[in-house]
Amino acid sequence: MDSSVIRAIPALAMLLAAVACGGGGSPAAPTATPTPAVAAMPNVAGTWATLIRVSQGVGLMTWDLTQDGTRVSGAVQAGTTNGTRLITGTLAGSLQGDVLFFAITVPPGGYTLDATCGSTVEGLGTVGRFEITGVYSGGANCLGAFNGEFLMTKQ
């Protein structure tokens, strides 16, 4: 065998090893692991309203909410569309992503038509930019159990 061929064999072996191992050329730049986007927490502070059925016909329910991080609280009122207040209570809840979990408490005396009536409602709603849509269920010692769906709009 020619001595130049013998000297070329180690160089050829190194080249084949480099190609087989992904070598050759510049080393690949490390790739960054993409960071998942974190959705901004919705802002539910402010006044929200919806039309409801009341004993006098159609009424208006409002939530006047404050927000501290994921904690939400505020006043709940319902009445006739001409302004007669029928229900006064409080809302306490928390945000988990874009879902608001809440409980509304109307203590005895919170119903103007029945001073002994009180109720508790629990629900959850998906928060959008200008609306909260969801479901609720609860009961009142003067009305029995109830449940339904709601759509609150930001005022």
Somewhere in the range 48-71, is a residue farther than 30 Å from Asn141 by Cβ, at pLDDT 95 or above and small (Gly, Ala, Ser)?
yes
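For every residue, the table says whether it meets (1) at positive phi; (2) surrounded by fewer than 14 Cβ atoms within 10 Å (Cβ to Cβ); (3) under 16 Å from the mean Cα position of the chain (by Cα); (4) β-branched (Val, Ile, Thr).
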site: Thr50; (1), (2), (3), (4): no, no, no, yes
site: Thr62; (1), (2), (3), (4): no, no, no, yes
site: Asp68; (1), (2), (3), (4): no, yes, yes, no
site: Gln77; (1), (2), (3), (4): no, no, no, no
site: Thr80; (1), (2), (3), (4): no, no, no, yes
Among the residues of the range 119-128, the number that are surrounded by fewer than 18 Cβ atoms within 10 Å (Cβ to Cβ) and either touching a residue at least 24 places away in the same chain (Cβ under 8 Å) or among the small types (Gly, Ala, Ser) (or both) is 3
Inside the range 92-118, the number of residues satisfying the requirement of being crowded, with 20+ Cβ neighbours inside 10 Å, at pLDDT 95 or above and touching a Leu at 6+ places or on another chain (Cβ under 8 Å) is 4
Cβ pairs under 9 Å, 6+ apart or interchain, first in the range 89-104 and in contact (Cβ under 8 Å) with a residue 12 or more places away in the chain, second among the hydroxyl-bearing types (Ser, Thr, Tyr) and not in a strand (DSSP E or B), ordered by first then second residue, are Ser94/Thr70; Leu95/Thr70; Gln96/Thr70
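The values are calculated or read from the model by the stated rules, or taken from the named source; none is laboratory data. All of these numbers come straight from a predicted model, not from anything done at the bench. FYI the Cβ positions are ideal-geometry reconstructions off the backbone, even for glycines, and counts take in every protein chain you see.
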